[in-house]
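Here the structure comes first, spelled out in structure tokens, and everything after it is commentary.
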Amino acid sequence: MVVVSWVPPEPPLPPPVASVSARQFKLQLLAAGLLDQVDAWIATQSKAVQIAYEYSGTFVRTEPMMAAGFAAMGFTDEQVDAFFSVASEL
């Protein structure tokens with residue numbers, strides 16, 4: 001008789017965090033040592049981007065500004081997902 005042990009399948013990974021509050025986002029920038037670098041980058045962007053960064057109540061992962069900012073810092077998609085995941089816990 002052959003005994004086969006059953007291994008349950010791993011649960012699916014949760015979907016990436018889609019958005020975080022401005023407070024969570026900026027506190028995570030501070031914790032990661034990126035706040036000054038991002039503030040400097042924002043200062044070189046259009047007035048519209050500066051206003052969005054300063055006054056947005058929520059930062060959305062898929063917004064073009066997010067993609068441009070994270071690309072400027074050399075982040076991979078996985079690193080951006082991790083950033084939003086950690087920020088969502090703050």
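None of the figures in this text is laboratory data; all of them are computed from the coordinates on show. Here the structure is a predicted model, which means the values were calculated and not measured.
If the chain linking Thr76 and Trp41 were pulled fully straight, counting 0.36 nm for each residue of separation and taking away their Cα-Cα distance, it would gain 10.8 nm. The largest-to-smallest principal axis extents of the Cα set in the stretch 19-87 are 28, 24, 22 Å. Do you know the relative contact order of the chain, to the nearest whole percent, from alpha carbon pairs under 8 angstrom that are 6+ apart? It comes to 47 percent, rounded to a whole number. Taking amide hydrogens as placed 1.01 Å from N in the peptide plane, the amide H of Ser56 sits under 5 Å from that of no residue at least 5 positions away in sequence or on another chain.
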